[in-house]
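To start, the structure under review is shown below, and the notes come after it.
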């Protein structure tokens with residue numbers, strides 16, 4: 001396999017004393033807010049890896065926060081993330097590298113598109129959503145809030161239902177009370193909770209992630225996120241203050257009730273993730289019982 005440089009600014013693609021190398025002849029694996037992810041090779045084990053390359057002149061803080069978040073998640077067992085194997089800073093060329101486990105699965109956004117925009121039924125959407133809920137709860141319990149939850153940042157393998165959260169450049173480390181204590185930016189506006197849009201700090205990360213998860217569930221059910229036609233942040237703030245997104249009647253009344261709770265404007269009015277999980281599980285059991293009868 002031949003390896004070439006990712007840009008004229010990079011002299012060498014051998015990383016960490018030559019253990020890892022970037023395969024620049026292959027297509028890029030992904031593009032995030034702060035860098036690109038390239039395929040790579042672990043020359044010791046022969047395993048394929050993913051290497052995120054970040055321009056430190058523009059995104060130094062994001063690189064450091066992503067590194068710190070992945071290091072904290074590495075201390076917890078069985079995290080639903082692409083684990084970080086190594087990291088390196090090329091001071092001469094002002095580039096940062098994160099060597100990650102490679103997960104060969106499409107993003108949830110891609111999967112939704114392959115289903116003609118919407119999933120076959122509500123139960124399938126809830127089955128996927130349950131796994132996403134569990135993944136988010138796991139990382140929060142480890143002291144990290146993703147803070148940019150959206151289908152583009154969730155890998156979903158339909159063959160086994162595995163969910164992997166990716167792109168931690170906007171993540172926040174949490175204090176002992178579950179509040180955000182640091183981070184690099186707010187995230188993607190249409191998925192952001194009102195308190196994030198208004199830059200409220202500190203804020204309860206769990207309640208903010210609950211809002212974002214409701215928007216992800218909306219997209220699973222409808223095929224696209226709400227507020228796509230809103231062009232300005234000020235208009236989006238006013239729209240949210242007047243009420244959450246309209247929920248189509250194609251969504252069952254019971255699930256609409258859960259989603260409205262998750263989309264409570266005041267964070268304190270939103271249910272915990274544990275409560276959401278219990279309600280979703282009950283909905284699925286009710287649906288299966290109806291089908292069997």
Inset, instruction - Report whether or not residue 58 is more than 21 Å from the chain's Cα centre (by Cα), crowded, with 16+ Cβ neighbours inside 10 Å and without any contact (Cβ under 8 Å) to a residue 60 or more places away in the chain. - result: no
Inset, instruction - For the stretch 30-38, indicate whether the set of residues that are in the same structural domain as residue 95 (by TED's automatic domain parsing), assigned to a loop (DSSP other than H, G, I, E, B), modelled with pLDDT of 55 or more and loosely packed, with under 15 Cβ neighbours inside 10 Å is non-empty. - result: no
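Evaluate the following for residue 248: is it at pLDDT 95 or above, over 15 Å from residue 197 (Cβ atoms) and not in a helix (DSSP H, G or I)?
no
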Inset, instruction - Tell me, please, whether a residue that is within 25 Å of residue 163 (Cβ to Cβ), in a loop (DSSP other than H, G, I, E, B), at pLDDT below 95 and in contact with a helix residue (DSSP H, G or I) (Cβ under 7 Å, 6 or more places away or on another chain) can be found in the stretch 273-289. - result: no
Inset, instruction - For the stretch 68-97, enumerate the residues that are part of a helix (DSSP H, G or I) and buried (at least 19 other Cβ atoms within 10 Å of the Cβ). - result: 69, 70, 73
Legend entry - Residues located in the stretch 253-274, provided they are surrounded by 13 or more Cβ atoms within 10 Å (Cβ to Cβ) and within 15 Å of residue 208 (Cα to Cα): 259, 260, 261, 262, 263, 264, 265, 267, 270, 271, 273
Inset, instruction - Any chance you could count how many residues in the stretch 152-181 are at pLDDT below 90, surrounded by fewer than 16 Cβ atoms within 10 Å (Cβ to Cβ) and farther than 17 Å from residue 137 by Cα? - result: 1
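The values are calculated or read from the model by the stated rules, or taken from the named source; none is laboratory data. The shown structure was predicted, so the numbers you read here are calculated from the model rather than taken from an experiment. Glycine gets a Cβ as well: all are built from the backbone with ideal geometry, and neighbour counts include every protein chain shown.
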